[in-house]
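Peer 1: Once you've had a glance at the structure underneath, I'll fire off some questions.
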Amino acid sequence: MIAIGRRLAPESIVPAAEALVAGGVLAFEITLDSPDAIHAIRELSERYTHGPLLVGAGTVLDLVGASAAVRHGARFLVSPHTDIELVHWAADHAIPVFPGAFTPSEILTAWRAGATAVKLFPASAAGPTYLRELRGPLAGVPLIPTGGITAENAAGFIAAGAVALGVGSWLVGDGAPDRIRQRATELINAVGSATP
C-alpha cells in the first residue's frame, strides 16, 4: 500500500504518518502540490530514516521537482503521467519511479523508459477487470492501480494482479489520525486474503 497525502496541512503530516504506521500502511507519498511538500518530505525522511515508513514524492511533474524531493529524502517518485526524461533520470540515479499511464501503449512506453513499476491511473475509471485484461499481454509489467481505491475494491485489484495500490483521499482524507488508522487497518485486512 502506498498512502497518498495530497494538500494536507503541514501540521497534520506527522500525525498522519504515525496513524498509517499504526494501521499497517508503510509507504507514504507526499504530493508536490501540497503546502510545504519538500519540508514535509524532509521531516518524515529524517523521522523514519531507519523505518518503518518509506517516504516518497508524488505528483512529480518535472526534473526540478524530482531532484528537490530526492535531495530532501524522498525514496521513490510517483507521477500522474509518463515523462521519459524524468523516468530516465530516476533510473540513472537508482530511484524507484512509478510513472502514470492508462492505455497499453502508455504503459509499455513507461516500462521501456525504465519505470520500476507503472501507476495505472485513474484505476477507478476501468476497475479490476481492465487490470486483469492488461495483465494478459503485459504480464511482465508491474502495475500499481491508483485513483478511487478503497477497502471495498482493493482486494479486487490485488486479485487482478496489482503489485501494490496507491490510496489517496479515501485513506488519508483531511489527515485526521483516528480515521486514517482505522481505514489503514481496514485496507490491510481487505487485501490480506486476496490472491492474485
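The values are calculated or read from the model by the stated rules, or taken from the named source; none is laboratory data. All of these numbers come straight from a predicted model, not from anything done at the bench. A quick note on method: Cβ atoms are made from the backbone with ideal geometry, for glycine too, and the neighbour counts reach across all protein chains shown.
Peer 1: Across region 173-194, what is the number of residues that are of a type in the set (Asp, Glu) and either closer than 14 Å to Gly156 by Cβ or under 17 Å from the mean Cα position of the chain (by Cα) (or both)?
Peer 2: Residues meeting the conditions: 0.
Peer 1: From Leu77, Leu61, Leu54, which residue is without any contact (Cβ under 8 Å) to a residue 40 or more places away in the chain and in contact with a helix residue (DSSP H, G or I) (Cβ under 6 Å, 6 or more places away or on another chain)?
Peer 2: Just one listed residue meets the conditions, Leu77.
Peer 1: Okay, moving on. Being in contact with a Pro (Cβ under 8 Å, 6 or more places away or on another chain) and part of a helix (DSSP H, G or I) is the filter here, so list the residues in region 59-110 that pass it.
Peer 2: Leu86, Val87, Ala90, Pro104, Ala110
Peer 1: Quick check, is Val163 surrounded by 17 or more Cβ atoms within 10 Å (Cβ to Cβ) and of a type outside the set (Gly, Ala, Ser)?
Peer 2: no
Peer 1: For the structure I just gave you, tell me whether Ala68 is surrounded by fewer than 24 Cβ atoms within 10 Å (Cβ to Cβ) and modelled with pLDDT under 95.
Peer 2: Values: surrounded by fewer than 24 Cβ atoms within 10 Å (Cβ to Cβ): yes; modelled with pLDDT under 95: no.
Spelling it out, it is not the case that Ala68 is surrounded by fewer than 24 Cβ atoms within 10 Å (Cβ to Cβ) and modelled with pLDDT under 95.
Peer 1: If you scan region 30-65, which residues turn out to be over 19 Å from Arg7 (Cβ atoms) and buried (at least 16 other Cβ atoms within 10 Å of the Cβ)?
Peer 2: Ser45, Tyr48, Leu53, Leu54
Peer 1: Another one. Which residues, taken from region 149-161, are closer than 17 Å to Ile4 by Cβ and without any contact (Cβ under 8 Å) to a residue 40 or more places away in the chain?
Peer 2: First pass over region 149-161, keeping only residues closer than 17 Å to Ile4 by Cβ: 149-151, 153-154, 157.
If the condition is that a residue be closer than 17 Å to Ile4 by Cβ and without any contact (Cβ under 8 Å) to a residue 40 or more places away in the chain, then Ile149, Thr150, Ala151, Asn153, Phe157 are the ones that fit.
Peer 1: Starting from residues that are touching a strand residue (DSSP E or B) at 6+ places or on another chain (Cβ under 7 Å) and part of a loop (DSSP other than H, G, I, E, B), keep the ones in region 111-141 and report whichever is nearest to Met1 (Cα to Cα).
Peer 2: Ala117
Peer 1: Can you name the residue in region 22-55 that is of a type in the set (Val, Ile, Thr) and over 15 Å from the mean Cα position of the chain (by Cα) and is also modelled with the lowest pLDDT among such residues?
Peer 2: Thr49
Peer 1: Pick from region 71-81 the residues that are surrounded by fewer than 21 Cβ atoms within 10 Å (Cβ to Cβ) and not small (Gly, Ala, Ser): which of them is nearest to Ala27 (Cα to Cα)?
Peer 2: Filtering region 71-81 for residues that are surrounded by fewer than 21 Cβ atoms within 10 Å (Cβ to Cβ) and not small (Gly, Ala, Ser), the one nearest to Ala27 (Cα to Cα) comes out as Arg75.
Peer 1: Scan region 144-183 for residues that are within 17 Å of Ile13 (Cα to Cα) and either assigned to a helix (DSSP H, G or I) or in contact with a Pro (Cβ under 6 Å, 6 or more places away or on another chain) (or both) and jot them down.
Peer 2: Ser169, Trp170, Leu171, Val172, Pro177, Asp178, Arg179, Ile180, Arg181, Gln182, Arg183
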